[in-house]
Amino acid sequence: MDLTIDQLLRYTVSHSDNNGCDILLKLIGGTEAVQKLINKNGIKDFTIKVNEEQMRTWENLYINTTTPIATTELLEKFYKGKVLKKATTKYLYQIMVECSRGITWMKAGLPEGTELAHRTGISGTNDENLRVAMNDIGIVKLPNGNHFILSVYLKNITESREDTEKIIADITRQVWDFYNRKKTK
């Protein structure tokens, strides 16, 4: 089956297709190329060393690391057009808006119809029901036309998937409420 780059990006970004991610990584020069781009943009605390295929082993699930602050900084630079060309930024932003995953995560914490450009991530669990990670990062459009960026990273999770999804939704709702509070004086 032949796929276009557009199809691979949509499968990877909008639908969390890990196979597509690895194909794209191979096309651009591997994790080293991504790490180089992140470093070039001055983002600290962001390490990408293994691809999705390599993360199938439990030990490798802990190799790629970042922080919510580093991710938020990268997303802000991306949103402001400082990482990619203007047309590429607009395109990638749109396929992040079309994300079909995580509808009970960040999206569930926002009022219906709110524009959310996001990307989810989740690991499997081990025999002790430990989940290495569950993440949702996104750019949220506010009613006044501004935006906020939220990066939620949960690590070494023992709660059920449903409870973890609710935690992400609740965090998102709290941030939404903070930015939409009426100023009274």
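The table below lists the values:
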{"item": "Positions within region 120-159 being under 17 Å from residue 102 (Cα atoms), touching a His at 6+ places or on another chain (Cβ under 8 Å) and not acidic (Asp, Glu), in sequence order", "result": "137, 138, 139, 140"}
{"item": "Selection count, region 158-185, where residues are in a loop (DSSP other than H, G, I, E, B), at pLDDT 95 or above and open to solvent by 70 Å² or more (accessible area, probe 1.4 Å)", "result": "2"}
{"item": "Residue count for region 84-97, restricted to those that are of a type in the set (Val, Ile, Thr) and either open to solvent by 70 Å² or more (accessible area, probe 1.4 Å) or touching a Ser or Thr at 6+ places or on another chain (Cβ under 7 Å) (or both)", "result": "1"}
{"item": "Number of the exception - residue 155 against (1) assigned to a strand (DSSP E or B); (2) open to solvent by 20 Å² or more (accessible area, probe 1.4 Å); (3) under 17 Å from residue 80 (Cα atoms)", "result": "(3)"}
{"item": "Filter result for residue 117 (under 12 Å from the mean Cα position of the chain (by Cα) and open to solvent by less than 20 Å² (accessible area, probe 1.4 Å))", "result": "yes"}
{"item": "Subset of region 119-152 [of a type in the set (S, T, N, Q), assigned to a strand (DSSP E or B) and touching a residue at least 60 places away in the same chain (Cβ under 8 Å)]", "result": "120, 151"}
{"item": "Selection count where residues are without any contact (Cβ under 8 Å) to a residue 40 or more places away in the chain and farther than 16 Å from residue 135 by Cα, scope region 9-44", "result": "25"}
{"item": "Among the candidates 160, 123, residue that is in contact with a strand residue (DSSP E or B) (Cβ under 7 Å, 6 or more places away or on another chain), more than 23 Å from residue 112 (Cβ to Cβ) and of a type in the set (S, T, N, Q)", "result": "123"}
{"item": "Condition check for residue 22: assigned to a helix (DSSP H, G or I), at negative phi, surrounded by 13 or more Cβ atoms within 10 Å (Cβ to Cβ) and of a type in the set (Asp, Glu)", "result": "yes"}
{"item": "So residue 82, is it part of a loop (DSSP other than H, G, I, E, B) and either in contact with a helix residue (DSSP H, G or I) (Cβ under 6 Å, 6 or more places away or on another chain) or of a type in the set (D, E, K, R) (or both)", "result": "yes"}
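The values are calculated or read from the model by the stated rules, or taken from the named source; none is laboratory data. These numbers come from a predicted model, not from an experiment. Neighbour counts run over all protein chains shown; Cβ positions are idealised from the backbone, glycine included. The accessibility values were calculated without ligands, DNA or RNA, using every heavy atom of the protein model including side chains. Shrake-Rupley method; radii C 1.70, N 1.55, O 1.52, S 1.80 Å.
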